[in-house]
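As structure tokens, the structure follows; a few thoughts come after it.
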Amino acid sequence: MKKIENVFILGIGGSGMSSIAKYLAQKGMKVEGYDQRKSYITNQLEQDAVKVYFDIDNFIYSPNVLYIYSSAVPIDKTFLKNNLANNNVQSRAEFLEKLSYENKIIGVTGTHGKTSTTALLAHIFHHNNIDVSYIYGGSTSFHGIGGHYGKKDLPIILEVDEAFNTFKDIKIDDLLVTNIDEDHLDYFETFEKLIEAFRKVILNSKNNLVLNYDDQNINDLKIRNKHTIFSSKNGAEYKINYPNKFIHNSKEYEIVSNLIGSHFVSNITGAIALAFLNGIEIEESLEAIKSFPGVNRRTEYLGTVRGIKLYDDYGHHPTEIKATITALKEITKGKLYVIFQPHRYSRTNEKFEKFKEELEYADFSIVVDIYPAGEKPIPGVTSKNFESKNIKYLKSIRMIPAYLSSRVKENDIVLTLGAGDITLLGPQIIKYLDEK
């Protein structure tokens, strides 16, 4: 990889791939890539001097290019199909593994919250003039796409992803684990196998280990390696006192943040603990947190129109949905309206009852058709099944602004929720309400 100066990334519009593209471009490599369609991310990449193609039918393999491909791309149907065994053709997981053997890695993992926490940790370092590199699958209003090449003798802060067991072979020096929850069972088959994958990664971390003991699944691992605990339970080195304080070494600290919800307070505390283990004083981390805007699509505030606040969130797992709805219910003076787009037929099928339970906690929910994310439909699995007294099914996203307009009132909150193209809806609702 050191001898190759040209990089081509397949699936470059994905959040995990775009951050790698930006990191390598800032490192001085010529980076290009392919994606199926234009998007906000591909537009951002081109602003970062990364050329994006939308048709690669006439491309041919070159031994002088490093190819990195996403798991979302059917690589055996591309121009690389006969070269997959070559060293310059790497999956995302293989690239990150090789990167980890060339750099110190400060990793953040967990089923929920890892992107925001990685971004926050990177922000803490940069706010304190420590120019670390970072790679995480999201973007912020401060730094754009979550990739940056910093000083080469400093660590890389890396979001360590459990999907497809990506984190299995990454060499991690310091590790923060936010939680472990039931997800990606289409790959792992059972929750026990997923937990075992986390256990191996935790035990293989080399130096500082920070664990959230409010998460029962982490607690149940009974990790014997030396580690730092953050938790609301007595005995934790970082004892959280909700809603926004923690105690360390008998001193109480207050968290001042733009982020909404107790789950963010927990993740912030974990990030502060890991930053402290890397030489950043707690007071310096707290000062940095005040200016952290959050990651796009993580309870992201979109604006206010007619006294109605709109938020957008990436949540596509029942636990994430519960955390976001709970956080917004605590601050709303009126009603909370949720518009949910289920993500994948398999996940909707596996967790249907949990999804429905969390959606019914909102004052009113609208569910649109399932975003397939490349999956084929499963007979009988449809968003229509969610309908109940407080849940309405609407087939078309385009119907929603008009439907909401006659119902929402001043002091209400509207939340768009899901990992698909539901994120495009919020600005449309704002525009529609503003014109009425």
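Projecting the Cα atoms of ASN207, LEU417, ASN88 onto the charge dipole of the chain, computed from C-beta unit charges around the Cα centre, puts LEU417 farthest toward the positive end. What the phi angles of region 74-79 give under the Karplus curve with 6.51, -1.76 and 1.60, with θ = phi - 60°, is a coupling list of x, 4, 6, 10, 10, 5 Hz, glycine and proline written as x. Scoring 390-397, 220-227, 349-356 by mean Cβ neighbours within 10 Å over their residues and listing the highest first yields 349-356, 390-397, 220-227. Full extension of the chain segment joining GLU102 with GLN26 gains 25.7 nm, where the gain is 0.36 nm per residue of separation less the Cα-Cα distance.
Within region 203-294, the ratio Rg/Rh, alpha carbon atoms throughout and Rh by Kirkwood, equals 0.95. The largest-to-smallest principal axis extents of the Cα set in the chain are 63, 61, 41 Å. Evaluated with a Cβ-only charge set (Lys, Arg +1; Asp, Glu -1), region 103-290 carries a dipole of roughly 480 debye about its Cα centre, given to the nearest 20.
In a shell of Cβ-Cβ distance under 14 Å around GLU300, excluding GLU300 itself, what net charge do Lys and Arg (+1) and Asp and Glu (-1) give? Its environment carries a net charge of 0. To the nearest 0.05, what FRET efficiency results for THR190 and ASP76 with a Förster distance of 41 Å applied to their C-beta separation? The calculated FRET efficiency here is 0.90.
First obtain the Kirkwood hydrodynamic radius of region 103-290 from its Cα pairs, then insert it into the Stokes-Einstein equation at 4 °C and 1.567 mPa s, and state the resulting D in µm² per second as a whole number. Translational diffusion coefficient: 78 µm²/s. Spatially, region 177-225 and region 257-333 are offset by 23 Å when compared through their Cα centroids. Which Cα, out of PHE164, LEU154, ASN244, lies furthest along the positive dipole direction of region 103-290 (beta carbon charges, K/R +1, D/E -1)? It is LEU154, whose Cα lies furthest towards the positive end.
Taking the inverse of the mean 1/r over every pair of distinct Cα atoms in region 300-435 gives a Kirkwood hydrodynamic radius of 14.7 Å.
Peptides 210-216, 154-160 ranked from most to least packed give 154-160, 210-216, packing being the mean of other C-beta atoms within 10 angstrom over each peptide's residues. Note on LEU154 and GLU387: with the Förster distance fixed at 45 Å, the Cβ-Cβ geometry gives a FRET efficiency of about 0.30.
Cβ-Cβ distance of ASN234 and LYS436, R₀ of 51 Å, FRET efficiency by 1/(1 + (r/R0)^6): the value works out to about 0.45. Under the criterion of Cα pairs below 8 Å and six or more residues apart, the relative contact order for region 103-290 equals 21 percent.
Placing unit charges on each Cβ (+1 for Lys and Arg, -1 for Asp and Glu) gives the chain a dipole about its Cα centre, and among ASN234, GLN26, GLY334 the Cα reaching farthest toward its positive end belongs to GLY334. Computed extension length for ILE4-GLU410: 140.4 nm, one decimal, from 0.36 nm per residue of separation with the Cα-Cα distance subtracted. Database remark: amide H of VAL89 closer than 5 angstrom to the amide H of TYR67 (H placed geometrically; neighbours at sequence offset of 5 or more, or on other chains; Pro and chain starts carry no H). Basic side chains Lys and Arg get +1 at the Cβ, acidic Asp and Glu get -1 at the Cβ, and with that the dipole of the chain about its Cα centre reaches some 380 debye. Amide H contacts of THR178: THR109, GLY110, each under 5 Å away and 5 or more positions distant or on a separate chain (H built 1.01 Å from N in the peptide plane; Pro and chain starts excluded). Where both bridge residues fall in region 1-150, DSSP classifies roughly 20% of the beta bridges as antiparallel.
Separation of region 67-133 and region 11-57, taken as the distance between their Cα centroids, equals 14 angstrom.
Throughout, read-outs are computed from the coordinates displayed, never taken from laboratory work. Here the structure is a predicted model, which means the values were calculated and not measured. Note that each Cβ is placed from the backbone with ideal geometry, even for glycine, and that neighbours are counted across all protein chains shown.
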